[in-house]
Amino acid sequence: MALILHAGNANKNAFKALIAAEYSGVKVELVKNFEIGVSNKTPEFLKMNPLGKVPVLETPDGPIFESNAIARYVTRLKADNPLYGSSLIEYARIEQWIDFASMEIDANIARWLYPRLGFLPFAAVAEESAVSALKRCLGALNTHLATNTYLVGHSVTLADIIMTCNLYIGFIRIMTKSFTSEFPHVERYFWTMVNQPNFPKILGEVKQADSVPPVQSQKKPAQPKESKPKEAKKESKKEPAKPKVQETVEEEEAPKPKTKNPLDLLPPSKMILDEWKRLYSNTKTNFREVAIKGFWDMYDPEGYSLWFCEYKYNDENTVSFVTLNKVSGFLQRMDLARKYAFGKMLVIGSEPPYKVKGLWLFRGQEIPQFVLDECYDMELYEWTKVDITDEAQKERVNAMIEDQEPFEGEALLDAKCFK
């Protein structure tokens, strides 16, 4: 039985297995006339993947779903496949970059792209968070590629195939030249990869997006101003399907009364958080004299509180990449507090285990309860309220805002800002 891949011919997740097959000399047939929303809803397909997601690979031993698993299976069909490296450490690093490509690059491209295509509700704040997170990830990738042609070793591996396929959707749909020019090594890497002999066989010609897709209209259809109830009833009898759909949309989109966040009910504060965030972002020189002084001039100890945090399990931070990823994930999950918080997270040390410490500014005198309830990372840190009457603690606040290095006698591996 031949390997049969169920997916559309433009599915970037299917491309992973197809390109891996080209490198491995494995024959994989793409099923013909596959129609998303139809073919993947049939009883036969749902037996292979009950969730109806694509792609799915039919094998002599049964079906496989999840695109990375399929690509791995195809790769391992060839004994001692160089796509999986030549040593245990290369294998581990290939798996590392596969995870990074999926959880960081692909996930954040999707968070930016899908709302603009209308697949998810669009929110400007959420988009800003997604773009910021994507830039952090591309920055990390750019740094690695500054001294490496490929992700692992000196030839194409499965990590490169999966990374390129995930970057592909970004490059052709939303990541314009003006966006990617910030990451020249990522650009060089992507165009090198898509021009490797086996990639064009599957991808065809690749052209970069000229513009960011416009946000799809989320407005409801305009209602006739002059319509009589009796006439509306008559029309609904003639065309029963349309009113049902319209009523459903109206019910879903009807504004619901919002429960006010308790922090919005606090007495007004003289500190305008957005003004501090702008000052922080725009200060490029004389940081101490401008930004730090400006912070204390703005700070309102009655309306805000400062907190130090330290990761409880620093002895586990033995891999720099994993530690940085852990902090990035925490900051992404803190997005729900963006209106009420500012934070700095430092990853400290020139060698493992790395220490993770942070400084947070929160509205109110305590850490907001909704943050404690909804962001599980909070319980992974020890939290200590800053006593601003203590000059040593106040200077520590300054050093953390400034990304002072060395910090407490140690080098900084990285510093991340939540704003």
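The values are calculated or read from the model by the stated rules, or taken from the named source; none is laboratory data. Keep in mind the model is a prediction, meaning the values are calculated, not measured. What goes into the accessible areas is simple: the full protein's heavy atoms, side chains included, and nothing from ligands, DNA or RNA. Shrake-Rupley method; radii C 1.70, N 1.55, O 1.52, S 1.80 Å.
General remarks:
- A simple rule links phi to the HN-Hα coupling: the Karplus curve 6.51 cos²θ - 1.76 cosθ + 1.60 with θ = phi - 60°, which for the stretch 262-268 gives x, 5, 6, 8, 5, x, x Hz, with x for Gly and Pro.
- Size-normalised alpha-carbon gyration radius of the stretch 274-342, reference 2.2 N^0.38 Å: 1.40
- Correct choice for Cα Rg over 2.2 N^0.38 Å that was computed from the model, options (i) 1.06; (ii) 1.13; (iii) 1.19: (iii)
- What the chain shows is 55 Å² of accessible area per residue, with the surface traced by a 1.4 Å probe over protein heavy atoms.
- 23 Å Cα-Cα threshold exceeded, pairs from 270/355; 16/207; 12/416: 270/355; 12/416
- Look at where the Cα atoms of the stretch 180-201 and of the stretch 47-64 average out, and the two centres are 31 Å apart.
- The accessible surface of the chain, taken with every protein chain in place and a 1.4 Å probe, is 53 percent carbon and sulfur.
- Spatial extent of the stretch 3-203: Rg and Dmax, with the Cα atoms as the point set, Å: 17.1, 50
- Once backbone amide H atoms are built at 1.01 Å from N, residue 30 has 5 as its partners under 5 Å, excluding neighbours fewer than 5 places away on the same chain.
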